[in-house]
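Notes to accompany the following structure.
Taken together, the values in this text are just the output of simple stated rules run on the coordinates, not laboratory data. Since this is a predicted model, take the numbers as computed values, not measurements. Because the Cβ atoms are built from the backbone with ideal geometry, glycine has one as well, and the counts that use them run over all protein chains shown.
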């Protein structure tokens, strides 16, 4: 009997991560989730090196190998006015150091055709005020993606996905919130999960080192005062 494929999802207990984990389960994968929130999964803080080592050992003892690693866990978002040095380091530990170290820990165990997908953010290329810790972490994982893709060439494909506005409650937005987006709506976790599954599939076998932005077209919409009903109040 053919062994089930294995997927690992960090931050997979809720939101986008849960949708990704469930999508792999629907395809028959054995899915291992680590999340800081309590629940029926491996509970731990991925900012802790020892937790990462224990989790990796646990997964390998159960599965023997890895087909897909999805680095999704959410970094802290605080701005320069309020964010302490320790909080900034913590955000980078969750958002950049943990994906790097999990990749390193799993390197000997990636199976043929394996894939890594890092969840970045459209904030890796644009910002709102007071978001430095989160934005730095997301920019870091976007750059880490192409570095790993080169280092792991021929062994593991590595890509990243940059979500825009994704509503994890699946609300239906109307009016300006929807109309402002070139796609005419706010995104859902399924929009991200579908791309993750594609990037992990054989259909994406010629894609590595890429960062794919899924934001309804918002980062492509050039906005100046007076355009598209936008007005800057001074």
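In the chain, the calculated helix contribution to ellipticity at 222 nm averages -10500 deg cm²/dmol per residue, counting -39,500 (n - 2.57) for every DSSP H run with n ≥ 4.
Relative to the longest principal axis of the Cα atoms of the chain, the long axis of helix 189-199 lies at roughly 50 degrees. Contact order, relative form, for the range 6-229: 19 percent (alpha carbon pairs under 8 Å, 6 or more residues apart, mean separation divided by residue count). Between helix 15-26 and the chain there is an angle of about 40 degrees, using the helix long axis and the longest principal axis of the Cα atoms.
Scaled to the globular estimate 2.2 N^0.38 Å, the Cα spread of the chain, given as radius of gyration, is 1.04.
Look at where the Cα atoms of the range 203-221 and of the range 22-90 average out, and the two centres are 23 Å apart.
Pairing the Cα long axis of helix 132-151 with the longest principal axis of the chain, what angle in degrees results, from 0 to 90 and rounded to the nearest 10? Tilt of helix 132-151: around 50 degrees. Here 40, 167 are placed in order of increasing Cβ neighbour count within 10 Å, fewest first, which gives 40, 167. Annotation: the residues 74, 234, 152, sorted from fewest to most other C-beta atoms within 10 Å of their own C-beta, follow the order 234, 152, 74.
Protection proxy ranking, highest mean first, for peptides 170-179, 207-216: 207-216, 170-179, where packing is the per-residue count of other beta-carbon atoms within 10 Å, averaged. Treating r as the C-beta distance of residue 151 and residue 4 and R0 as 30 Å, the FRET efficiency rounds to 0.60. Once the Cβ-Cβ distance between residue 225 and residue 167 is put in as r, and R0 is 30 Å, what FRET efficiency do you end up with, to the nearest 0.05? E between residue 225 and residue 167, to the nearest 0.05, is 0.60.
Between residue 201 and residue 22, residue separation times 0.36 nm minus the direct Cα-Cα distance comes to 62.8 nm. Legend: ranking of residues 150, 59, 186, 161 from fewest to most surrounding C-beta atoms inside 10 Å; resulting order 150, 186, 59, 161.
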